[in-house]
Structures are given as C-alpha cells and as structure tokens.
Amino acid sequence: MNDHCEIPCQEALRDAPAPTETPSLPPEVERLCRLLRHAAMFQGLGCDEIARFARGVREIKAPKGEILFHRGDTCTGFHLILSGQIKLAFTSAEGNEKVVDILRPGQSFGEAVMFMDKPYVVMAQALTDSTLLHIGKLVFFEEMNGDPLFCRKIIAGLAQRLHRLMGDVESYSLRSGRERIIGYLLREEEMSGEGVGAGRVSIRLPTSKGTIASRLNLTQEHFSRILHELTDSGLIEVEGRTIHIPCIERLRGSLE
C-alpha cells in the first residue's frame, strides 16, 4: 500500500491573514515549497506563490516494485519525483512490457493526460524506493486560470517532451541498435557529469539491462549482443551494471 501523507496546510492557507508584509508560512508549507522547486514549472516562482498549490498536494512513498497506477485508471493530477526512479510502460494482456520512459528526480509525469481529462494510457511503477508529490488537477487548474506566464511554462514543458518523443521515434526508425546503445551511454555519461576530456569514465546503469533494452526498443538478447560487440571492439568494458568507457571521445567518434 502507498504511504500517502496528506499535507496539513489547507486550513492554514485559507485562514491566513493578508497583511501588507508577506506572512510567514507554516513550516510544512515552507518544506513543500522547497520540494516543489525541483520541478521546472515552479522555478522562478516565490514561495508564497508556490504555497498556493499546497492544498492540492500529497506526498507519496512508493517502495521498489509498487505500481502507482495502471493503464485505464482515472487521472486526478500529475506526479513530481523527489527521489528514486519511475518506469512508464505499456503492458499487454499476455504480460509483455514496452518501457516508454525511465524518469528520475526532478521530472514530472501525467500532465498531458490530466489536461486531456482521459484515463492513463500507461502504467507507472517504482524501479527503486521512491518519494513523489502528487499535485491535484483541480487546484492546478485554478492557479493556471490566473497566471498566463505559468501557463506558458506548462506548455513549454509539454512541448519539450513532444520534441523528445519525436527524437525517440527518429532513433527507433532510422538508427541501428548499436547507435541507440552508444547514444544512450553518452547521454548517461553527460548526465553524470563525471567525464573529463577524453579520459576513462565509468557509468552505473540506473536500472536493469532488460528495462533499458525495452526503453531503447530492443530485445534483451539484442542489447546484450551489442554490448559484447562493443566490448570486443575495446569501446567499453562491462562489469555487472557498471559500464567502463576507456576513451569517451573514441566512443563518440564511433557514431560518426
């Protein structure tokens, strides 16, 4: 079962006075403001502005393996990941799975379905012990009604995801499995921020190879075969879920 912790701030916000000076916020609301700032859509907003969303937020603790929602479930808002990793995937009646995305802290999901007022089209599952915030759509819509700039941020975020989705379609359609895997490793290296120049770097895969293979639209067998080929070529060294790259520039050059 989810460990849902309702944020006890609705009454405090409703009854708060409106003096000329900005009132001090309850400690729990201030904590919530700090957490919500992890989302790009809230960046640039003051804590007093973010606090207006508090009455529509609840905190969720999802242990590894827990399913947050299934395909077809009603969408009542969207989620913001504070810690852990969340997998979005399609599942068939036979139990086959296609991973759509692997999301990390600071990322959110569910906004598009929320705006469409449709049920979820994918399932969401915690790949690790995770903490999330769920922002209710009714409060979110109320705040959007009075803030055109905030609306533009939401549209920009959705447009960015559409752009990334088109990049995925291009990759699946026009790039070989080898190119997809190398591209993935290079993105992981860039996100880690640990690479220096053309030297040796090591990447810890965020989840199982089978999950990553599905995300790249490959079978696990094909994924493993390509890793072996890259190892034989001296481009990588595989140690469990850790991938060592002797020369990151050489790996980049192999895509040209």
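If Lys and Arg each add +1 and Asp and Glu each add -1, what is the summed charge of the other residues whose beta carbon sits under 13 Å from the beta carbon of LEU80?
Every neighbour counted, the sum reads +2.
Using only alpha carbon pairs under 8 Å that are at least six residues apart, calculate the relative contact order of segment 176-253 and give it in whole percent.
It comes to 38 percent, rounded to a whole number.
What does the accessible area per residue of the chain come to in Å², with a 1.4 Å probe and no ligands, DNA or RNA counted?
Value returned for the chain: 55 Å² of accessible area per residue.
Given the peptides 213-224, 142-153, arrange them by the average over their residues of other C-beta atoms within 10 Å, most packed first.
213-224, 142-153
Run the quick spin-label model on GLU49 and ASN145: label points 7 Å from Cα toward the beta carbon, then report their separation in nm to one decimal.
Calculated label separation equals 2.0 nm.
Once the whole set of protein chains is in place, how much accessible area is left on MET166, using a 1.4 Å probe, in Å² to the nearest 10?
For MET166, the solvent-accessible surface is approximately 110 Å².
Give me the dipole magnitude in Debye, nearest 20, for segment 176-253 about the Cα centre, with unit charges on the beta carbon: positive for Lys and Arg, negative for Asp and Glu.
180 debye
Once you put a point 7 Å from the Cα of ARG104 and another 7 Å from the Cα of ARG161, both along the Cβ direction, what distance in nm separates them?
1.8 nm
Expressed as a rounded percentage, what relative contact order does the chain have, with Cα pairs under 8 Å and six or more residues apart?
Value for the chain: 17 percent.
For a quick protection proxy, order the peptides 236-245, 156-165 by their average other-Cβ count within 10 Å, most packed first.
Final packing ranking: 236-245, 156-165.
Dipole magnitude of the chain about its Cα centre, charges +1 at Lys/Arg Cβ and -1 at Asp/Glu Cβ only, in debye to the nearest 20?
Approximately 440 debye in magnitude.
So how far apart, in nm, are the two label points at GLU94 and GLU237 if each is 7 Å from Cα heading toward Cβ?
4.1 nm
What do you get when you divide the Cα radius of gyration of segment 176-253 by 2.2 N^0.38 Å, with N the number of residues?
Expressed relative to 2.2 N^0.38 Å, the Cα Rg reads 1.00.
Sketch the reach of a paramagnetic label on ARG34 as a point 7 Å from Cα along Cα-to-Cβ, and name the residues of segment 63-88 whose backbone nitrogen lies under 19 Å away.
Those under the cut-off are 80-84.
Please work out the FRET efficiency for the pair SER224 and ALA112, using the Cβ-Cβ distance as r and a Förster radius of 51 Å; give the result to the nearest 0.05.
0.95
The values are calculated or read from the model by the stated rules, or taken from the named source; none is laboratory data. The structure presented is a predicted model; accordingly, all values stated were derived computationally and were not measured. A quick note on method: Cβ atoms are made from the backbone with ideal geometry, for glycine too, and the neighbour counts reach across all protein chains shown. Ligands, DNA and RNA are excluded from the accessible area calculation, which covers all protein heavy atoms including side chains. Shrake-Rupley method; radii C 1.70, N 1.55, O 1.52, S 1.80 Å.
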